[in-house]
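Undergrad: Supplied in structure tokens, the structure appears directly below.
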């Protein structure tokens, strides 16, 4: 798939949660490829902003804006003159969401509503929200809030009135090497001399995607979307036990059992989405079921409708990553695993 999006050239872009793993990859890639006029990093952590700002000292294109997506007034101010928004801000850690449900809802659901309203009020052209495989048939609060967020961004396209703001969603699985993810977790345990790597279940599988692939999917969504589409990146699966073998080959495993809210296998497209899902060479596109938008030829594009019983689940995925392939990726990216 070719990710060409000339609309981002010389544009004004804002990234919510922009000091996170996604933002730390999206910002340099977008600056290099599209040379936007202004790229605003919006987040609430002043220390992360201070550290990130040092990387772009002297680059007048990059701006930093302290704020929280829970605060609609601050969002309205931040979106002044902004044309495109990537919504990456979220409460993401599953146990954190389970033990702090009100806070997770305030960020992931109320924050989404604030951004939709503020983007429409400010006349933003396009908004792409980041989703997760945990939003498909959710088994935990984090996934449930992200499903609600996805629904809000899809329905937001009927809420724009005369402003013509367009909302879309991208969905993908485990981001390889990102902060707090399983690869640096296993690597650090081995480095610290832990006698065992905790494995929840030897059968457990996950989808694997790089941050760079996630950024490219966002670029594609900006250029392709009509409004309300959910883009699902095709990516390989791995058994978690094989991830451990790649990340910590000399360390023994200890089976600890599945934790509350955790799935044995992740799902990105369920059977309920199949009637609205079209397949492309590098991704799937779930079209909106509301307002008959799923029948829109512009939204369908050149995609092929999947079968009515289609699912996209990590354990039945036709594409798999080997231990050797993951080790090769880790060697090439050793300097940034767990750091961004």
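Laboratory data are not the source of any read-out in this text; all were calculated from the coordinates shown. The shown structure was predicted, so the numbers you read here are calculated from the model rather than taken from an experiment. Every residue, glycine as well, gets a Cβ built from its backbone with ideal geometry; the counts of neighbours run over all protein chains shown.
Undergrad: For region 187-259, count the residues as N, evaluate 2.2 N^0.38 Å, and divide the Cα radius of gyration by that value, please.
TA: Ratio of Rg to 2.2 N^0.38 Å for region 187-259: 1.52.
Undergrad: Still on this structure: Could you check what % of the DSSP bridge pairs in the chain are antiparallel, to the nearest 5?
TA: Here the share of antiparallel DSSP bridges comes out near 30 percent.
Undergrad: Could I ask something else about it? As a footprinting exposure proxy, order 145, 200 by other Cβ within 10 Å, with the fewest listed first.
TA: 200, 145
Undergrad: Taking R0 as 45 Å, what FRET efficiency do you get between residue 32 and residue 250 from their Cβ-Cβ distance, rounded to the nearest 0.05?
TA: That gives a FRET efficiency of 0.75.
Undergrad: A further question on this structure: Kindly rank 39-48, 290-299 from highest to lowest mean number of other beta carbons found within 10 Å of each residue.
TA: For the peptides 39-48, 290-299, the packing ranking is 39-48, 290-299.
Undergrad: Sort 107-116, 270-279, 257-266 by the packing proxy (mean of other Cβ within 10 Å over each peptide's residues), most packed first.
TA: Numbers: 107-116: 22.4, 270-279: 17.6, 257-266: 15.2.
Ranking, from highest mean packing down: 107-116, 270-279, 257-266.
Undergrad: With N set to the number of residues, divide the alpha-carbon radius of gyration of region 283-325 by 2.2 N^0.38 Å and report two decimals.
TA: Relative to the 2.2 N^0.38 Å estimate, region 283-325 comes out at 1.59.
Undergrad: Can you give me the Rg/Rh ratio for region 1-126, using Cα atoms for both radii and the Kirkwood formula for Rh?
TA: 0.98
Undergrad: Another one. For a quick check: sort 75, 8 by the number of other beta carbons within 10 angstrom, fewest at the front. Please list the in-between numbers first.
TA: Working: 75 25, 8 21.
By the 10 Å Cβ count, ascending: 8, 75.
Undergrad: While we're looking at this one, here's another question. Report for region 189-340 the percent antiparallel among DSSP-assigned beta bridges with both residues inside it, nearest 5.
TA: Rounded to the nearest five, the antiparallel share is 75 percent.
Undergrad: Ok, one more. Report the Rg/Rh value for region 82-221, based on alpha-carbon coordinates and the Kirkwood definition of Rh.
TA: Result for region 82-221 is an Rg/Rh of 1.04.
Undergrad: Continuing with the same structure: State, as an integer percentage, the relative contact order of region 30-176 based on alpha-carbon contacts under 8 Å between residues 6 or more apart. Intermediate values should be presented prior to the final figure.
TA: Details: 215 pairs, mean separation 30.7, N = 147.
Relative contact order comes out at 21 percent.
Undergrad: Using only alpha carbons, build the gyration tensor for the chain and give me the equivalent ellipsoid semi-axes, biggest first, whole Å.
TA: 31, 25, 19
Undergrad: Roughly how many nanometres apart are two label points built 7 Å out from the Cα toward the Cβ at residue 212 and residue 50?
TA: 3.3
Undergrad: List the relative contact order of region 255-340 as a percent without decimals, with contacts defined as Cα pairs under 8 Å and 6+ residues apart.
TA: 31
Undergrad: Which of 50, 329 comes first, and how do the rest follow, when ranked by fewest Cβ neighbours within 10 Å?
TA: Placing the least packed residue first, the sequence is 50, 329.
Undergrad: If R0 is 30 Å, what FRET efficiency do you get for residue 320 and residue 259 from their C-beta distance, rounded to 0.05?
TA: According to the calculation, E is roughly 0.80.
Undergrad: Residues in region 161-184 near a label at residue 291, defined as backbone nitrogen under 19 Å from the 7 Å Cα→Cβ point?
TA: So the set is 161-170.
Undergrad: When the Cα atoms of region 206-340 are enclosed in a convex hull and the volume is divided per residue, what value in Å³ results?
TA: Enclosed volume per residue, from the Cα hull, is 148 Å³.
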